[in-house]
Amino acid sequence: MRYLRLLGLFARTELQFALEYRANLALDLFEELIIVISSLVAVLILYDHTSAINGWTEGQMIELLGVYYLVQGAQAVVFETSFERFMEHVRMGTLDFILIKPVDSQFMISTRHVQVPQFGQIAMGVLVLAIGIAQVGGGFGVLDTLAFAATLACGLLLVYSLLLVLSTLSFWFVRVENLLAIFWSFLDAGRFPVDVYPGWLRVTLSTVVPIGIAVTVPAQAIAGRLELAGVVAMIGGTISMCWFASWFWRRGLRSYTGASA
Amino acid sequence: MRQLLRVYRAIFVAEFQAAAQYRVQSVLWLLFAIIRPVVFLAAWSAAAATQGGRIGDMTISDFAAYYVAVTLVSQLTMSWNAYDFELEIRQGKLSPKLLRPLHPLHYSVVENIVFKVATMPALLPVLVLIAWTFQARFATTWGHVLLFVPSVLLAAALRFMFGWLMATFAFWTTRVHGIMHVYDRLVFLFAGQLAPLSLLGGLASIAYWLPFGYMLWAPSEILRGGASIDQALGMIAIQAMWLALSWLGFLGLWQLGVRQFSAVGA
């Protein structure tokens, strides 16, 4: 409860900060709109020439695109900037001020810089998802919805765990933005289902950089293409990954000695 | 002229030494350059596979050849100078450069070329890997190879000039990230990253009239042998025209911009 309140507080201060640059904020939102629309156009053009891609129909592909922007937006809202700042703190030696605060430090560094304007991306993700659902037509059951919610949450946690592990490495290697850049570069591949990619890329997107799974599995769930076993495997995998990331974080924290002290 | 060559050599040496210090960084930028073409190649291949192996007049192997060419061309024509320029304006680093006898453009020309030379050895094996994974088939003749050289040079110059054209807006707005992102999306839609222009459907007729296709699509089609020699010559002519236009536009904007530029943070 206390942590939720803190989260709200972070969001409020960051929003005030963002509102100082209003023209920039408007431009950011405009940009996000353009990006989403052009991605949608890309899907439409592909389906101009075919009725299905690896069994995914046009509506299902639009749903997938919606999920992609949901995941991408959610991680941009909460984690992206926070982790960037965290690495800066390690380098500058200012992390000490965060560590002495009476709050769980993992929570603090993961969520401190909530980017409110990025909510636009989430909203557009929801919109695209709705367009996809409308196009597919027909209802989907309670079970599908549950599976979707569960796998989406898992997908986000998977991405979060990976980011946490990568950022934690900065305790040992001071410059790891490069590793994060690898993650960003693969993000683009999340816009299509992992099964269209050749072997090496599919494996990368499902294990090392789990953005592929994080997007594809929830989209499969909403398209009713997911078996129960898949949901269970996803949940199991996520729990172990989260546990590992958290352990790794504590391990890194112990070896942190402060810079320039 | 001799003077200019001497200056160029000096900047070259300095830039090469700087680049050698950031090897990892260059490889990362390479990753960004490769992922997007591979993503769309995979999507088009999967689509073609559902359609019995071909879409329009392109088979999966043609798509592979096209996207291998696009990857190479986008790396060779890459231009990021607008971002640097914005930073220089914001941090007040532009002013000393403006005072030097050489136009700031020259520094980024050299920086640009050095980056491309430095990343090429890492890119080529990756291109071979992609071509092999998707079984690319090139219909390239010697004539195509010959025409590819001027075409890719023109494309690089064109993209470079457009980058600077965008950058010049920073004289007025200080931040150009927003403008650059919109520009990147136009490139994404109309330059042939998303699909070869002929497959753009209703957008194709617009795309042929815009400059973006002549930055990536034209040299790529020539390299894979997808355009006849006559068509290739036509594309090169249009490229030259766009280059001349963007050069004029840049000169005009730059002069206006410098005149009303007031330094930041000095």
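Give, as a single signed number, the net charge of other residues whose beta carbon lies under 12 Å from the beta carbon of A:Arg85, with Lys and Arg counted +1 and Asp and Glu -1. Present the calculation step by step, with values, prior to reporting the outcome.
On the way: positive: A:Arg91, A:Arg112; negative: A:Glu14, A:Glu80, A:Glu84, A:Glu88, A:Glu177.
Result for the neighbourhood of A:Arg85: -3.
Just check chain B against the gyration tensor rule for me: Cα atoms, a ≥ b ≥ c as the square roots of the eigenvalues, rounded for a/c under 1.5, and otherwise prolate or oblate depending on whether a/b exceeds b/c.
Details: a/c = 1.92, a/b = 1.70, b/c = 1.13.
Prolate, since a/c reaches 1.5 and a/b exceeds b/c.
Output the 0 to 90 degree angle, nearest 10, between the alpha-carbon long axis of helix A:2-19 and the longest principal axis computed from the alpha carbons of chain A.
Around 80 degrees separate the two axes.
Give the longest segment of chain A that steers clear of trypsin sites (Lys or Arg not before Pro) in DSSP loops with at most 16 neighbouring Cβ atoms within 10 Å, not counting the sites themselves.
Here the longest segment lacking exposed loop sites spans A:1-174.
For A:32-43, what's the mean count of beta carbons from other chains sitting within 10 Å of each residue's beta carbon?
Details: counts 1, 0, 8, 5, 0, 2, 8, 4, 0, 7, 7, 2.
Mean shielding count: 4.
If you stretched the chain out fully between B:Phe12 and B:Leu245, how much longer would it get, using 0.36 nm times the residue separation minus the C-alpha to C-alpha distance?
Details: separation 233, 0.36 × 233 = 83.88 nm, distance 2.83 nm.
Additional length available on full extension: 81.1 nm.
Based on the Cβ-Cβ distance from B:Leu256 to B:Arg54, what FRET efficiency comes out when R0 is 56 Å, to the nearest 0.05? Could you put the intermediate results ahead of the total?
Values: r = 50 Å, r/R0 = 0.90.
According to the calculation, E is roughly 0.65.
Quick check: pseudo-label points 7 Å beyond the Cα along Cα→Cβ at A:Phe107 and B:Ile229, how many nm apart are they?
Rounded to a tenth, the inter-label distance reads 7.3 nm.
Anything in chain B that counts as a DSSP H helix reaching 30 Å or more along its axis (C-alpha) with Kyte-Doolittle mean of at least 0.0? List them, would you?
Numbers: long enough: B:23-50 (41 Å, 1.46); B:104-133 (42 Å, 1.33); B:142-168 (39 Å, 1.53); B:229-260 (47 Å, 0.97).
Taking the DSSP H segments of chain B (at least 30 Å long, mean hydropathy at least 0.0), we get B:23-50, B:104-133, B:142-168, B:229-260.
How much FRET efficiency would the formula 1/(1 + (r/R0)^6) give for B:Val149 and B:Ser205, where r is the Cβ-Cβ distance and R0 is 25 Å, rounded to 0.05? Write out the running numbers ahead of the final one.
Details: r = 29 Å, r/R0 = 1.16.
E between B:Val149 and B:Ser205, to the nearest 0.05, is 0.30.
What is the protein assembly as shown by shape, rounded, prolate or oblate, if you read a ≥ b ≥ c off the alpha carbon gyration tensor as root eigenvalues and call it rounded for a/c under 1.5, prolate for a/b larger than b/c, and oblate otherwise? Kindly include the intermediate steps, with their values, before the conclusion.
Working: a/c = 1.75, a/b = 1.14, b/c = 1.53.
Because a/c hits 1.5 or more and a/b fails to exceed b/c, the protein assembly as shown counts as oblate.
Could you give the longest part of chain A that holds none of the chymotrypsin sites (Phe, Trp or Tyr not before Pro) found in DSSP loops with at most 13 neighbouring Cβ atoms within 10 Å? Could you put the intermediate results ahead of the total?
Details: sites that count: A:Tyr21, A:Trp172, A:Phe173.
The longest uninterrupted stretch comes out as A:22-171.
If ligands, DNA and RNA are left out, what is the accessible area of B:Glu111 with a 1.4 Å probe, given in Å² to the nearest 10?
The accessible area comes out at roughly 50 Å².
Give the value in nm², to one decimal: projected area of the alpha carbon convex hull of segment A:69-144, averaged over all directions.
Values: hull surface 27.8 nm².
It is 6.9 nm².
Just counting partner chain Cβ atoms within 10 Å, what average do the residues of peptide B:177-186 show around their Cβ? List each step's numbers first, then the result.
Working: counts 4, 8, 2, 1, 7, 6, 0, 4, 7, 2.
Going residue by residue through B:177-186 and averaging, the value is 4.
From the C-alpha coordinates alone, can you work out the Kirkwood hydrodynamic radius of segment B:70-174, in Å? Intermediate values should be presented prior to the final figure.
Working: mean 1/r = 0.0627 Å⁻¹.
Mean inverse Cα-Cα distance, inverted, gives 16.0 Å.
Among A:Ser110, A:Tyr160, A:Gly224, which residue has its Cα furthest toward the positive end of the charge dipole of chain A, with +1 on Lys/Arg Cβ and -1 on Asp/Glu Cβ?
A:Ser110
How much length is gained on full extension from A:Ala233 to A:Phe173, taking 0.36 nm per residue of separation minus their Cα-Cα distance? Kindly include the intermediate steps, with their values, before the conclusion.
Values: separation 60, 0.36 × 60 = 21.60 nm, distance 3.30 nm.
Full extension of this stretch gives 18.3 nm more.
Counting Lys and Arg as +1 and Asp and Glu as -1, each charge on the Cβ, what is the dipole of segment B:31-106 about the Cα centre in debye, to the nearest 20? Walk me through the numbers on the way to the answer.
Values: 6 positive and 5 negative charges, 60 e Å.
Dipole magnitude for segment B:31-106 comes out near 280 debye.
Between B:Arg175 and A:Trp243, what's the calculated FRET efficiency when r is the beta-carbon distance and R0 is 41 Å? Round to 0.05.
Given R0 = 41 Å and the Cβ-Cβ separation, E is 0.45.
Treating the angle as unsigned and between 0 and 90°, give the value, to the nearest 10°, between the Cα long axis of helix A:177-187 and the longest Cα principal axis of chain A.
10
Run the helix sum for chain A: -39,500 (n - 2.57) per DSSP H stretch of 4+ residues, divided by residue count, reported at 222 nm to the nearest 500 deg cm²/dmol.
After summing the helix terms and dividing by residue count, I get -24000 deg cm²/dmol.
Can you pull a Stokes-Einstein diffusion coefficient for chain A at 37 °C (0.692 mPa s), Rh from Kirkwood over Cα pairs, as a whole number of µm²/s?
Rounded, D is 168 µm²/s.
The values are calculated or read from the model by the stated rules, or taken from the named source; none is laboratory data. Quick caveat: nothing in here was measured; it's all calculated off a predicted structure. Ideal geometry is used to build each Cβ from the backbone, glycine not excepted, and the neighbour counts take in all protein chains shown. Heads up: the accessible areas ignore ligands, DNA and RNA and are worked out on the full protein's heavy atoms, side chains in. Shrake-Rupley method; radii C 1.70, N 1.55, O 1.52, S 1.80 Å.
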